[in-house]
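Colleague: My structure is below; once you've seen it, I'll send some questions.
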Protein chains: 2
Amino acid sequence: MKQSKLFTKTQREAPKDEVSLNAQLLIRAGYIEKEMSGVYSFLPLGLRVFKKIQDIIREEINSTGSQEMFMTSLQNPELWKKTNRWDDEVVDVWFKTELKNGGELGLAATHEEPLVNIMKKHISSYKDLPVSAYQLQTKFRNETRAKSGLMRLREFIMKDQYSFHTDQNDLDNYYEIVKDAYIRIYEHLGIGEHTFVTYASGGMFSKYSHEFQTLTQAGEDLIYICDKCKVAINKEIIEDLKHKCPVCDASGLREDKAVEVGNIFKLGTKFSQALDLVFTDQEGNNHPVIMGCYGIGPQRLMGTICEIYNDEKGIIWPEAVAPFKVHLISLGKNDEAEKIYQELQKNNIEVLYDDREEITAGEKFADADLIGVPFRVIISGKSLEKGGVEVKKRSEKESKVMAVSELLGFLTK
Amino acid sequence: MKQSKLFTKTQREAPKDEVSLNAQLLIRAGYIEKEMSGVYSFLPLGLRVFKKIQDIIREEINSTGSQEMFMTSLQNPELWKKTNRWDDEVVDVWFKTELKNGGELGLAATHEEPLVNIMKKHISSYKDLPVSAYQLQTKFRNETRAKSGLMRLREFIMKDQYSFHTDQNDLDNYYEIVKDAYIRIYEHLGIGEHTFVTYASGGMFSKYSHEFQTLTQAGEDLIYICDKCKVAINKEIIEDLKHKCPVCDASGLREDKAVEVGNIFKLGTKFSQALDLVFTDQEGNNHPVIMGCYGIGPQRLMGTICEIYNDEKGIIWPEAVAPFKVHLISLGKNDEAEKIYQELQKNNIEVLYDDREEITAGEKFADADLIGVPFRVIISGKSLEKGGVEVKKRSEKESKVMAVSELLGFLTK
């Protein structure tokens, strides 16, 4: 895309009321716009990143055999009363509203109840199981402390996934499949080495649940890392575990701050019993369906990536989620740059082309550093004298000059 | 996808409280689930269709140079008070809710105000114009009469698009570009010949606005068609036009029922004046930005397509939006069918493969007719005796037998 056409502009200063680094960077660079505390719109650049994160999640979750669907935000209270989750005293993040025709409604903060209700139509026999379904859909949460930019929101998209099984063993197997898919997601996003499978409280149906915690000082959680096993323990259960690794029993765990970027949880029969989701086994006996649930938040991932990958000049996107692969900058050489732009596009390389006139070289470089596209390609009188274009990775200091004919090979190698 | 894995099942009967044909068919076939009146979830088959409709819209709107973004549902009242659209007496479809920290919020029924507010940061000079931006985002509307299935919803996604211009002429030109894109969208969706550009009331800034009306007895609008000009007039202005075509001045227009599947509207400076969105011209003088807006609802399109394309057995999807191109049905020949399934997938042909055992041929055919995939391919002992597979279009009565080796060529021709 041509930068002269992109309607957003960068800002030198972050809004004064914005305390979180991820939001400061994303607002300054023109990725997002703050509507209110904990509520951000995506501008065109931001939506590109956000879609890439969602697509990476979708690809891996599809590979677990889960089927994508899309439930609604408006929720009927009757269903939630059956599980005792309608009362604000029990679930304290509801946004509630009213129908003009009369009657209270809720805005979904999660979707166990409506999905179990749907599954009652489709699951009746052991032959209908296992099933896994997921969506990428908005959640509304009436948070009182939404001050961490994209890390804690009142309105956000969640990949929430639910699985349905005849027995604990089948759930346990699928749970491991999803856990592996999650690990691949973080690796693909570029935060794999910063992210730890973390033991957390398991609830009634399982000893532990698992969180995925990514190390960052912007995180709100404290975790205890076993470097040998590459796992961590959430502070909430570290006393119960007597400060020892649940895998190797070692002590001397390393404490660090982290943000929860995903969690997986064995629900057992909590929701199926409350909402009467049962299956008939081979002998004709009825049993409640056994469930698991699996959550991941693409906005929080986007914020986390920004918190990890930045410098004093701006964001440094990992290539898999960058809005473009190449930032092509013309310094008074738009005719030559246009040819490169066409050539890269023809080869399906995503390129942001800074074709703006009346903007200084310094301003263009500052914008490029702030926006944080992985490869910067400059074409100028000077670069042409030296024999071509000047290429620099956003994550590196040194640039090199290469012939235009070499560029495509370099970028696709 | 294998039908044995698809978690949804078809239903013989529609829910008793569902009066609209499109919802009856879509629920029976397992495309959607009713959460409450005017609120439907998408099941896996339905989401496939819904995404295809959105992608067709996206492709054509991108071609107008509009930039995709994604705004929020939660809305700050302060902004809407400035345009006098917060009061329930003025805008009667608001869902409103409250922050736990205190303060009322609205759920967006449209997005002019937040987008104009965003644009104030990015538009200051004539050099920043024109700009067009759009999103595919949820709208909430507190409708009192939501009884037409997907045709009138309380929660739905809209492609809403807004353009910003220095002068009326520039708006007029872009407006025609979007109008042409809309016509291509309806053609691509398979309802082009049923859809009429329809003159409607223009408001303060223009003589007419334009709706796109698709003929169906399920529609709530009355339009008057000039068959010569292939345009129509909405009942709301037919008296003003003295029952004559505004293009050729002919009378004797044909009345019919239709549903509004899109509208485009010249807003002028209504919102830019109220919210102080101005630009500086070449002489340094300030002017309010001139705006247009362009809406289209993918759920309503999905409902409309179902209302038009069905028979007593079920839905008959146009190929562009069908959940799959091919419904492959095995009657006891899963080994042979599996090979065809693999072959079609390898060639990027989307196929739903009915591999279910313990289901009669009659049940499989009834499900296929209800689900409405364009091509049905049966492999059975009988078809193999005759030399291959039996192929039938959902929209036609006659089937033909062809060799398996011919099938791929037939489907990709």
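Colleague: Which of (1) under 30 Å from A:Glu155 (Cα atoms); (2) part of a loop (DSSP other than H, G, I, E, B) is the odd one out, the single condition A:Glu358 does not satisfy?
Modeller: (1)
Colleague: Exactly one of (1) farther than 28 Å from B:Asn310 by Cβ; (2) touching a Pro at 6+ places or on another chain (Cβ under 7 Å) is unmet by B:Leu189. Its number?
Modeller: Checking B:Leu189 against (1) farther than 28 Å from B:Asn310 by Cβ; (2) touching a Pro at 6+ places or on another chain (Cβ under 7 Å), the one that fails is (1).
Colleague: Related question: State all residues of the stretch A:314-345 that are of a type in the set (Asp, Glu) and assigned to a helix (DSSP H, G or I); if no residue qualifies, say none.
Modeller: Answer for the stretch A:314-345, where residues must be of a type in the set (Asp, Glu) and assigned to a helix (DSSP H, G or I): A:Asp335, A:Glu336, A:Glu338, A:Glu343.
Colleague: Separate question: Inside the stretch A:390-405, can you point out the residues that are more than 35 Å from the chain's Cα centre (by Cα) and surrounded by 14 or more Cβ atoms within 10 Å (Cβ to Cβ)?
Modeller: Taking the stretch A:390-405 first, the residues more than 35 Å from the chain's Cα centre (by Cα) are A:401-405.
Result: A:Val401, A:Met402, A:Val404.
Colleague: Separate question: Show the residue pairs meeting these rules: Cβ distance below 7 Å; 6+ apart or different chains; first residue within the stretch A:152-164 and over 22 Å from A:Ser272 (Cβ atoms); second residue in a loop (DSSP other than H, G, I, E, B) and among the acidic types (Asp, Glu).
Modeller: From the stretch A:152-164, the pairs are A:Arg152/A:Glu143; A:Arg154/A:Glu143.
Colleague: Follow-up. Given the criteria among the β-branched types (Val, Ile, Thr), in a loop (DSSP other than H, G, I, E, B) and within 21 Å of the chain's Cα centre (by Cα), does B:Thr144 qualify?
Modeller: no
Colleague: Out of the stretch A:11-42, which residues are in contact with a strand residue (DSSP E or B) (Cβ under 9 Å, 6 or more places away or on another chain), among the polar types (S, T, N, Q) and either within 23 Å of A:Ala368 (Cβ to Cβ) or modelled with pLDDT under 95 (or both)?
Modeller: So in the stretch A:11-42, the residues in contact with a strand residue (DSSP E or B) (Cβ under 9 Å, 6 or more places away or on another chain) come out as A:15, A:17-18, A:21-23, A:25-29, A:31-36, A:38-42.
So of that shortlist, the ones also among the polar types (S, T, N, Q) come out as A:22, A:41.
Across the stretch A:11-42, the qualifying residue is only A:Asn22.
Colleague: Further, regarding this structure: Given the structure, is A:Val401 more than 28 Å from A:Arg12 (Cα to Cα) and either in contact with a Lys or Arg (Cβ under 6 Å, 6 or more places away or on another chain) or among the hydrophobic types (A, V, I, L, M, F, W, C) (or both)?
Modeller: Against the criterion (more than 28 Å from A:Arg12 (Cα to Cα) and either in contact with a Lys or Arg (Cβ under 6 Å, 6 or more places away or on another chain) or among the hydrophobic types (A, V, I, L, M, F, W, C) (or both)), A:Val401 qualifies.
Colleague: Just one of B:Ile378, B:Ile329, B:Ile359 is surrounded by fewer than 17 Cβ atoms within 10 Å (Cβ to Cβ), without any contact (Cβ under 8 Å) to a residue 60 or more places away in the chain, closer than 28 Å to B:Ile27 by Cα and of a type outside the set (Lys, Arg); which is it?
Modeller: When all the criteria are applied, what remains is B:Ile359.
Colleague: Right, B:Lys364: touching a residue at least 12 places away in the same chain (Cβ under 8 Å), surrounded by fewer than 20 Cβ atoms within 10 Å (Cβ to Cβ) and touching an Asp or Glu at 6+ places or on another chain (Cβ under 6 Å) or not?
Modeller: The answer is yes for B:Lys364.
Colleague: Let me ask you something else. Name the residue that is surrounded by the fewest Cβ atoms within 10 Å (Cβ to Cβ), counting only residues in the stretch B:304-313 that are not in a helix (DSSP H, G or I) and not basic (Lys, Arg).
Modeller: B:Glu312
Colleague: From (1) closer than 24 Å to A:Val178 by Cβ; (2) not in a strand (DSSP E or B), pick out the condition that doesn't hold for A:Ala133.
Modeller: Only one criterion in (1) closer than 24 Å to A:Val178 by Cβ; (2) not in a strand (DSSP E or B) is unmet by A:Ala133, namely (2).
Colleague: Does the stretch A:12-27 contain any residue that is at the interface with chain B (Cβ under 7 Å from one of its Cβ atoms) and surrounded by 16 or more Cβ atoms within 10 Å (Cβ to Cβ)?
Modeller: No - not one qualifying residue is present in the stretch A:12-27.
Colleague: Turning to a different aspect of this structure: Which of the residues spanning the stretch B:71-104 are under 21 Å from B:Leu267 (Cβ atoms), away from chain A (no Cβ under 12 Å) and acidic (Asp, Glu)?
Modeller: If the condition is that a residue be under 21 Å from B:Leu267 (Cβ atoms), away from chain A (no Cβ under 12 Å) and acidic (Asp, Glu), then B:Asp87 is the only one that fits.
Colleague: Okay, moving on. Take A:Asp160 and tell me if it is modelled with pLDDT of 95 or more, in a strand (DSSP E or B) and more than 10 Å from chain B (Cβ to nearest Cβ).
Modeller: yes
Colleague: Only one of (1) part of a helix (DSSP H, G or I); (2) within 11 Å of another protein chain (Cβ to nearest Cβ); (3) over 25 Å from B:Phe50 (Cβ atoms) fails for B:Asn169. Which number is that?
Modeller: (2)
Colleague: Residue under question is B:Leu25, and the condition is that it be more than 27 Å from B:Ile118 (Cα to Cα), in contact with a Cys (Cβ under 9 Å, 6 or more places away or on another chain) and either assigned by TED's automatic domain parsing to the domain that holds B:Ala133 or basic (Lys, Arg) (or both); does it hold? Before you say what the answer is, go through the steps one by one.
Modeller: Values: more than 27 Å from B:Ile118 (Cα to Cα): yes; in contact with a Cys (Cβ under 9 Å, 6 or more places away or on another chain): yes; either assigned by TED's automatic domain parsing to the domain that holds B:Ala133 or basic (Lys, Arg) (or both): yes.
Against the criterion (more than 27 Å from B:Ile118 (Cα to Cα), in contact with a Cys (Cβ under 9 Å, 6 or more places away or on another chain) and either assigned by TED's automatic domain parsing to the domain that holds B:Ala133 or basic (Lys, Arg) (or both)), B:Leu25 qualifies.
Colleague: What tally of residues in the stretch A:111-128 results from selecting those that are assigned to a loop (DSSP other than H, G, I, E, B) and either at the interface with chain B (Cβ under 8 Å from one of its Cβ atoms) or buried (at least 18 other Cβ atoms within 10 Å of the Cβ) (or both)? If you could, list the steps in order and put the result at the bottom.
Modeller: Looking only at the stretch A:111-128, we keep the residues that are assigned to a loop (DSSP other than H, G, I, E, B), and these are A:111, A:123-124.
From the residues that got through so far, the ones that are either at the interface with chain B (Cβ under 8 Å from one of its Cβ atoms) or buried (at least 18 other Cβ atoms within 10 Å of the Cβ) (or both) too are A:111, A:123.
Within the stretch A:111-128, residues that are assigned to a loop (DSSP other than H, G, I, E, B) and either at the interface with chain B (Cβ under 8 Å from one of its Cβ atoms) or buried (at least 18 other Cβ atoms within 10 Å of the Cβ) (or both) number 2.
Colleague: Step by step: first the residues of the stretch A:43-66, then only those that are small (Gly, Ala, Ser) and touching a strand residue (DSSP E or B) at 6+ places or on another chain (Cβ under 8 Å), then the one that is farthest from the other protein chains (Cβ to nearest Cβ). Which residue is that?
Modeller: Filtering the stretch A:43-66 for residues that are small (Gly, Ala, Ser) and touching a strand residue (DSSP E or B) at 6+ places or on another chain (Cβ under 8 Å), the one farthest from the other protein chains (Cβ to nearest Cβ) comes out as A:Ser66.
Colleague: Name the single residue, out of those in the stretch A:332-342 being surrounded by 15 or more Cβ atoms within 10 Å (Cβ to Cβ) and among the acidic types (Asp, Glu), that is nearest to A:Val389 (Cα to Cα).
Modeller: A:Glu336
Colleague: Next question. Quick one: would you say A:Arg154 is touching a strand residue (DSSP E or B) at 6+ places or on another chain (Cβ under 7 Å), crowded, with 19+ Cβ neighbours inside 10 Å and within 11 Å of chain B (Cβ to nearest Cβ)?
Modeller: Yes: the conditions hold for A:Arg154.
The values are calculated or read from the model by the stated rules, or taken from the named source; none is laboratory data. Model, not experiment: these values are computed from the prediction. Quick reminder, even Gly has a Cβ in these numbers, built from the backbone with ideal geometry, and neighbours come from all protein chains shown.
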